Amino acid sequence: KMAGWLTMVSVSVLVVFSLVVLFSASSNAWTTFDAAWTLSCSDGEFISTIKSEHSNSNEDRRYEITCSKAGTGIGSTTTYDGYANDFDAILDYQCPTNKMVNKIESIHNNGNEDRRYGFHCLPIDGATLSDCRTNPVFVNEVDSPVTYTVEAGRVLTGMYSEHFNSNEDRRFKPITCKIDCDSDYLASGDFGCSKGDCGTLSFSGGTTSGSCDGSPGDVCKYESCGDGYTISATGSQERTCQLIGQSAMWSGTEKYCEDVNECSEGTAKCVAPTTCVNKPGSYTCSCPYGPLKSNGLECDIYPPSLSFSLSSNSLTVSFTSNTNVFPKYEFSIAKWRYDLGGFDVTSGYPIQIVKPLPSSTTIHNLAPGGRYHIVVQGLDDQDNPLAKYITHAGDETGQIEVQCGCTSESTGSPSSFKLEQFKGRILFEWVDQSGCESGFRFTRNGLGLAATYDVSSIDVCGSTHNPKSIYDDLNIQSSNIYLDSETKYQLPAGVFYMKSYEASASGQTRYSFPSELQDGGYITSTTTTTTFTTTTTTLPTTTTTITKPTTTTVAGTQKTTLPTTTTTTTT
């Protein structure tokens, strides 16, 4: 009799997977008729294709197999139960649970013209086997060649066969089982199972917590972004790696690290007039008028410096540095109030000056004795004041104070003082040289001679005053006021002058006040309603006027009037 093996029918099944095929098949060479043989696969493989040809002359079949990896494609330890059939007997063998055919051994008997078959079984890794079934029909006819390939997604786990003595050949029904990849594996290729991999969940520029490697079941959470970035409002805060169908994917949607615009959100620390320039993850400050300081936040620029000089009714301001920094400058001058509680901006100010500032400017028609406040401030391109770049001059203490004097003598002391005696009254005349006072007061020996003599602001600077209502009345003085026991001279009638030495305040010869006749000093007080200024000047000389003695005859009797010394003070 002639033994036969499998005459097989090819089965073609199309299966579409979402993952690439991981494993390739390997082949064995054709066996020899009537010889014993072993057809084996490598570790992790099973017999996926069997080719067979029958020889009537040898009454035997020869075989060629193709192997494919199944499951994860690993595993090397097989089990073997010996030959599964006797010659001319039925073959009905299936590997133990979750095992697949990795190797077949066979011997031939020429007397029976048949073969016995033994199956080595290898556990499948990364999967379990289910839905095991014997092919419902024989896959071959006797004496015919055949190629049989296991359906994709299944593995060969055994064989059923019947022998036909009339043909000395066998027909076969393969036994296969369905591959069920483990819960964290996905079907890969025709027979493989690959570890499910969602891929590492990346978070560019940020940090995550939890398990983010991408293995099935991993739970990854977006935590925070680096400086200058914030987590996007869209996307899922927490994501899970899960297997859906034949795909592994992260649940939810992705979050991103979005740039924080420090400029628009107002968190930038740029100091005006610098402007903020946003950059990915940061910002820079830019100075439109010059370089930046080392901190990178402020302009390395400064407000203008100034100096000033004063005259009787004008002020000249000189700009000495930083005059060409800003597009424009605002210049203002204000007069301090009498109570020094504040100041009022002078009419016509402030004014804007396009850069550069002039070397100097003069303000005219200022109030004599007035205290002034000056402000010079940089303006930006929109004419907005730059508070940081401002120069002040002239505080309430009188740093900038217009002089009172109308001449080179800055205090404005009266000049050309004269006395006139008329019928026992001492009258006064003088020239007003001050623009500050609102009146004059007269004293003799520290005592007031008369009421205050008021003047108006127009009666200044060279105007002569000779009031008739202000005088010293000799008729009401005690007998010793204008008397001197030694000289006994009488104050003459008419106008007379009292010559003094040079005045230290003016550097010029002038006429003394009557008070100097007494103490040798020149004392003058210039008083206005604001009581701003008190000036005292002392001269080194004293002038004394002594009247001559006179003799008169009354009722035949001569009477001699002793000389007198008179001292008079005016303010």
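The values are calculated or read from the model by the stated rules, or taken from the named source; none is laboratory data. All of these numbers come straight from a predicted model, not from anything done at the bench. Here Cβ is always computed from backbone atoms with ideal geometry, including for glycine, and neighbour counts include all displayed protein chains. These accessible areas exclude ligands, DNA and RNA; they are computed on the full protein's heavy atoms, side chains included. Shrake-Rupley method; radii C 1.70, N 1.55, O 1.52, S 1.80 Å.
Quick one: order LYS99, LYS293, LYS468 from most to least accessible surface, probe 1.4 Å. Spell out each step's value before the answer.
On the way: LYS99 40, LYS293 65, LYS468 130 Å².
So the residues, ranked largest to smallest area, are LYS468, LYS293, LYS99.
Per residue, the range 182-266 exposes an accessible area of 51 Å² to a 1.4 Å probe, with every protein chain left in place. Net charge of the neighbourhood of GLY394, taken over other residues with C-beta under 15 Å away and scored Lys/Arg +1, Asp/Glu -1, is -1.
Note on the range 272-313: with neighbouring protein chains present and a 1.4 Å probe, carbon and sulfur make up 53 percent of its accessible heavy-atom surface. Treating r as the C-beta distance of THR77 and LYS279 and R0 as 45 Å, the FRET efficiency rounds to 0.15. Residues ARG133, ARG170 ordered from highest to lowest accessible area at a 1.4 Å probe: ARG133, ARG170. Straightening the chain between ALA387 and ASP182 buys 66.5 nm, computed as 0.36 nm per residue apart minus the Cα-Cα spacing.
Out of every Cα-Cα pair that the range 228-380 contains, those further apart than 28 angstrom amount to 52 percent. Using the Cβ-Cβ distance between SER321 and SER294 with R0 = 35 Å, the FRET efficiency computed as 1/(1 + (r/R0)^6) comes to roughly 0.95. Candidate cross-link partners of LYS255 among the aspartates and glutamates, defined by an alpha-carbon separation under 18 Å and a same-chain spacing of 8 or more, comprise ASP213, ASP218, GLU223, ASP227, GLU238.
Once the C-beta distance of THR230 and THR32 is scaled by a Förster radius of 56 Å, the resulting FRET efficiency is 0.15 to the nearest 0.05.
Each of the peptides 149-157, 49-57 was scored by the mean count of other Cβ atoms within 10 Å over its residues; in descending order, highest first, they stand as 149-157, 49-57. For PHE422, the solvent-accessible surface computed with a 1.4 Å probe is close to 110 Å², ligands and nucleic acids excluded. Taking the Cα centre of the range 134-200 as origin and assigning +1 to Lys and Arg Cβ atoms and -1 to Asp and Glu Cβ atoms, the resulting dipole is close to 80 debye. The listed residues HIS108, HIS465, once ranked by accessible area (1.4 Å probe) with the largest placed first, stand as HIS108, HIS465. For a 26 Å ceiling on Cα separation, which of these pairs sit above it: LYS293/LYS335; LYS69/LYS195; LYS51/LYS195; LYS279/LYS355; LYS269/LYS355; LYS269/LYS335? Violating the 26 Å limit, Cα to Cα: LYS293/LYS335; LYS51/LYS195; LYS279/LYS355; LYS269/LYS355; LYS269/LYS335. In the assembled protein chains, ASP86 presents an accessible area of approximately 90 Å² (probe radius 1.4 Å). Quick one: pull the percentage of alpha-carbon pairs in the range 150-206 with a separation above 13 Å. Cα-Cα pairs in the range 150-206 separated by more than 13 Å: 72 percent.
In the context of the full protein assembly, MET249 retains an accessible surface of approximately 80 Å², using a probe radius of 1.4 Å and ignoring ligands and nucleic acids.
Counting only aspartates and glutamates at least 8 places from LYS468 when in the same chain, those with an alpha carbon closer than 16 Å to its own are GLU420, GLU429, ASP454.
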